[in-house]
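For reference, the structure discussed in these notes is given below.
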Amino acid sequence: MAQQALIQTEKLSKWYGQVIALNDVTLEINPGVTGLLGPNGAGKSTLMKVLTGQLRPSNGDARIFGQPIWNNGYVMSRIALCPEQDAFYEDMTAMEFVTYLVRLHGYTTHEAQKMALRALELVELTERKDDPVKTYSKGMRQRTKLAQAIAHDPDVVFLDEPLTGTDPVGRRKIIDLVLEMGDRGKTVVVSSHVLHEVESMTSNILLINKGRVIADGDVMAIRQMIDGHPHSIFVDVDRPRDFGALLAGEPSVGSIAFDDEGLRVMTRDPNPCYEAIPRLALAHNFKIRRLTSPDNNLAAVFRYLTEGGYKQSAGT
Amino acid sequence: MSSTAMPVKQISFGTLLATIFTTHLRSSLLSRKAIVLAVVNLLPLIGAILYLMSDAKSGMTFYKGMIEYVTITFLLPLTAMFYGGPAIVEEIEGRTITYLFLRPVSKPAIFLGKYLAASVTVAVLVALPVLPTYFVAVAAGGADEGGTQLLAQGLVSLIVGSFSYTAVFSALSAVFARSLLASILFWGVFEWGLSFVPVLEVGTQKYHVRNAGSLIDLGNFGFLDKMVGLKAPIEVPIGASYGALIAVAVLAAALGAVVFSRRQYVV
């Protein structure tokens, strides 16, 4: 008999008033890392909110461990979410914040402190753990959110755009952590609007657009489609013009444009380009504050998928 | 499927309630808002000190007036409004509610834990300044034998009133997910408006806090009372007023907890 998937939805729909955010979504997610890929506004966050019991389905069914999710304490005790929103009890320290949330899983203060400390070690935040969250950088706040998600050792972890605003080093740490959780047999669902980000964590993806899952399967097939489109990378760096001059010598870089906040690199070969940016910054002592990929690359692919008649199962 | 992978910890409602209560009480008491409202709640004390320095020397009359017309009429509902509503609304608007909903915590425990923390904060902020105000008033003269009893009754009625008002404002925030307008309407229209209407004033929390604190002057029989045909002021037993305040607190908290657990908050 076929084994039941860990996460299942059946004709799942979610409306916000007259706006449909999820439209008849049927999917199955099994242990390991799964990427949830789609442009901003595609419905990724809504799907995560329904799957983590933050929202009730308007129609259809969503289950984890074969159980309905909404107001289900059993499910809540075994899942976690690193939300996209930058929300905290700002006056708390990271240690207090994570300890408090672990205590709500029924652990004593002492147990919770030990678990919180371990989680903060994993995200490498121990040095600043006793400082108020309001004093943290964007990357540190992102890692604090991740720590609260993994501290109680959940079986299923949802990470909503976990790499947003992180620097290259922080990004690498988070990716390693996700890979390690997947290797340990955890079910990790990572959402992103950047294919490159998802690709660094898993080859198993769900493509979502306009509230529908439009493809699922292996990332290679999607990669072939996206490679046909120019890819842009935004780099917020000190001395952007000097860094731009340095980058111009890289064969993977197509063109470079500057704006008030940094520089925008266009490439048709993203992987070596993503590798070159931190390497050059490190070698020539540039400080990268932010490295993002706007979702226009993906939007182009989604236009192709939705208007070009692309059908389900990219891997087949 | 790994549904048998790990035993789930059994967590009692009381333990969760206590965890939420203690955590949010601490942050409530240490917040900037608490400092501002503590200063505002010192108004009666400042008034008492000024009174002490003046020539008029009827300290107890002054004390009663301050507690009845300043603390009970304005400071108590104002402080409860700033803590009761935001107890829930700040979690929703600040999007931190997500973290609480992601735990195996029953939603009533979240609501009640936060409501109790807000109520205790309100009680501390409102009732504590009454003590020095009383002693300054006594120093101004006019203290009689019943002074200490009046102080004790005033403190207890303010504490019970804190829980009652905060419950209503918390419930309104659970229902409307935005508290300020609903709270202002409740206080300004219902509480304030009815408090001037003979007979109907008995339906307000303000009346019962005053009555429980023995602050209603039965000799004060007004024109409106006579107009509606009352022969004598309405006399409600103090115990009944406590009962009414506790009933409002329990019912409003229960309503808020039920609404909060069923409602879906989009953050």
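The values are calculated or read from the model by the stated rules, or taken from the named source; none is laboratory data. Nothing here was measured: the structure is a model prediction, and the numbers come from that model. Reconstructed Cβ throughout: ideal geometry from the backbone, glycine too, with neighbour counts over all protein chains shown.
Just a few scattered comments:
- Among the residues of segment A:196-241, those identified as out of contact with any Ser or Thr (no Cβ under 8 Å at 6 or more places or on another chain), modelled with pLDDT of 85 or more and outside the structural domain of A:L263 (by TED's automatic domain parsing) are A:S200, A:M201, A:S203, A:L207, A:I208, A:R212.
- Checked against the criterion of being within 30 Å of B:S12 (Cα to Cα), in contact (Cβ under 8 Å) with a residue 60 or more places away in the chain and of a type in the set (G, A, S), segment B:133-147 has no qualifying residue.
- Single residue of segment A:43-68 satisfying the filter (part of a strand (DSSP E or B) and in contact (Cβ under 8 Å) with a residue 40 or more places away in the chain) that is nearest to the other protein chains (Cβ to nearest Cβ): A:I64
- Checked against (1) under 30 Å from A:I20 (Cβ atoms); (2) more than 12 Å from every other protein chain (Cβ to nearest Cβ), A:R172 meets all criteria but (1).
- Of all residues in segment B:224-239, those being under 29 Å from B:S119 (Cα atoms) and touching a helix residue (DSSP H, G or I) at 6+ places or on another chain (Cβ under 8 Å) number 2.
- For segment A:69-99, filtered to residues that are assigned to a strand (DSSP E or B) and at the interface with chain B (Cβ under 7 Å from one of its Cβ atoms), the residue that is nearest to the chain's Cα centre (by Cα) is A:L81.
- Helices (runs of 4 or more DSSP H) within segment B:1-119 that include 3 or more residues within 9 Å of another protein chain (Cβ to nearest Cβ) and over 30 Å from B:E201 (Cα atoms): B:13-29, B:97-101
- Of the residues making up segment A:120-166, those that are more than 14 Å from chain B (Cβ to nearest Cβ) and among the hydrophobic types (A, V, I, L, M, F, W, C) are A:L120, A:L122, A:V123, A:L125, A:M140, A:L163.
- Checking each residue in segment A:241-253 for being surrounded by fewer than 19 Cβ atoms within 10 Å (Cβ to Cβ) and within 27 Å of the chain's Cα centre (by Cα) picks out only A:S252.
- Selection count, segment A:142-164, where residues are in contact with a Lys or Arg (Cβ under 9 Å, 6 or more places away or on another chain) and among the basic types (K, R): 1
- Applying the set (1) at pLDDT 95 or above; (2) farther than 25 Å from B:L30 by Cα to A:L163 leaves exactly one unmet item: (1).
- The residues of segment A:100-120 that are under 13 Å from B:L100 (Cα atoms), part of a helix (DSSP H, G or I) and over 23 Å from the mean Cα position of the chain (by Cα), listed by number, are A:Y100, A:R103.
- Selected residue (only one of B:S183, B:S164 is touching a helix residue (DSSP H, G or I) at 6+ places or on another chain (Cβ under 7 Å), among the polar types (S, T, N, Q), at pLDDT 95 or above and surrounded by 13 or more Cβ atoms within 10 Å (Cβ to Cβ)): B:S164
- Against the conditions (1) surrounded by fewer than 20 Cβ atoms within 10 Å (Cβ to Cβ); (2) farther than 22 Å from A:V188 by Cβ; (3) at pLDDT 95 or above; (4) within 13 Å of chain B (Cβ to nearest Cβ), A:G17 satisfies every one except (3).
- Residues being at pLDDT 95 or above and in a helix (DSSP H, G or I) - total across segment A:122-133: 1
- Residue tally, condition within 20 Å of the chain's Cα centre (by Cα), among the aliphatic types (A, V, I, L, M) and assigned to a loop (DSSP other than H, G, I, E, B), over segment A:1-40: 1
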